[in-house]
Amino acid sequence: TLCLSLFAEGKAPLQCFIQKEIKLAPKEEREIPVKVFGTNKLREMSEIEVTVRGSGMNLSKVKAVMPRLPNADFETDSAKDGKPDWWMCRYRPSGAWAYEKISLTTDAHGGKYALRIAPSDRKKQGISVVPVNFDAVEGKTYKLSFHTKSPEAGNTLMFAGHIIPIPPSKDWVRTEKTLKVSSVNWSYFQIVNQSAAELLIDDIALEDVR
């Protein structure tokens with residue numbers, strides 16, 4: 001029988017929890033879950049490290065951890081091209097690329113930048129902006145909040161099967177909703193400009209409801 005000690009560590013703000021000790025029979029294989037908390041506070045990709053020690057072994061494995069909703073305050077532009085990291089843009093519903101329709105603006109609610117979504121230049125097509133990564137868990141409830149500015153109605157934010165109207169306003173306005181994810185098939189996040197005016201959005205927050 002092998003007696004092994006397990007350790008899990010994550011870079012702040014991540015916190016990791018794992019079973020501290022296990023006993024394995026010769027040739028036995030077992031999956032040990034690692035609980036990771038704090039992904040809602042991540043802005044960029046981070047990592048956790050799991051170490052196994054005992055019976056002459058000292059093995060470590062590093063695993064990447066993606067943010068639940070990356071760069072949600074739109075402050076990161078590592079390419080310095082005026083585009084936010086971790087966000088993509090397409091025409092909707094055709095799906096054609098529309099990357100030129102998004103840009104960073106200094107007319108921000110908080111920090112230096114907000115996301116500007118230009119109106120569509122194609123008939124019967126909106127502009128859809130989505131994060132490269134988004135993670136929501138079926139059955140869980142989240143508090144979603146964001147700030148927007150747009151003079152025209154018709155824009156929406158779609159979260160895990162819920163369609164949230166974005167109120168028209170010439171000034172920054174905050175929207176907050178508490179929503180339950182009913183199906184993993186609806187695990188997506190999408191900002192849609194379907195108006196004839198630009199849409200500004202900033203400081204998106206997605207928090208667990210306990």
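Descriptive notes on the structure:
- Among the residues of segment 52-90, those identified as out of contact with any Asp or Glu (no Cβ under 8 Å at 6 or more places or on another chain) and over 23 Å from Leu157 (Cβ atoms) are Val52, Arg53, Gly54, Ser55, Gly56, Met57, Asn58, Leu59, Lys80, Asp81.
- Considering the conditions (1) surrounded by fewer than 19 Cβ atoms within 10 Å (Cβ to Cβ); (2) modelled with pLDDT of 95 or more; (3) part of a strand (DSSP E or B), Ile163 is excluded by exactly one of them, (2).
- Within segment 78-96, the residues that satisfy the criterion of being under 15 Å from Ile191 (Cα atoms) and free of Cβ contacts under 8 Å to residues at least 60 places away in the same chain are Pro84, Trp86, Trp87, Met88, Cys89, Arg90, Tyr91, Pro93, Gly95.
- Count of segment 20-56 residues which are at negative phi, touching a strand residue (DSSP E or B) at 6+ places or on another chain (Cβ under 7 Å) and either modelled with pLDDT of 85 or more or of a type in the set (Lys, Arg) (or both): 19
- Only one of the listed residues (Ile163, Ile201, Ile191) is of a type outside the set (D, E, K, R) and free of Cβ contacts under 8 Å to residues at least 12 places away in the same chain. That residue is Ile163.
- Residues in segment 20-44 that are surrounded by 13 or more Cβ atoms within 10 Å (Cβ to Cβ) and of a type outside the set (Lys, Arg): Ile22, Leu24, Val34, Val36, Phe37, Gly38, Thr39, Asn40, Leu42.
- All told, Thr1 falls short of being hydroxyl-bearing (Ser, Thr, Tyr), in contact with a Lys or Arg (Cβ under 9 Å, 6 or more places away or on another chain), surrounded by 13 or more Cβ atoms within 10 Å (Cβ to Cβ) and more than 21 Å from Tyr142 (Cα to Cα).
- Those residues of segment 170-183 which are at pLDDT 95 or above and surrounded by 15 or more Cβ atoms within 10 Å (Cβ to Cβ), in sequence order: Trp172, Val173, Thr175
The values are calculated or read from the model by the stated rules, or taken from the named source; none is laboratory data. Bear in mind that the values here come from a model prediction, so they are computed numbers and not experimental data. Cβ atoms come from the backbone with ideal geometry, glycine included; neighbour counts cover every protein chain shown.
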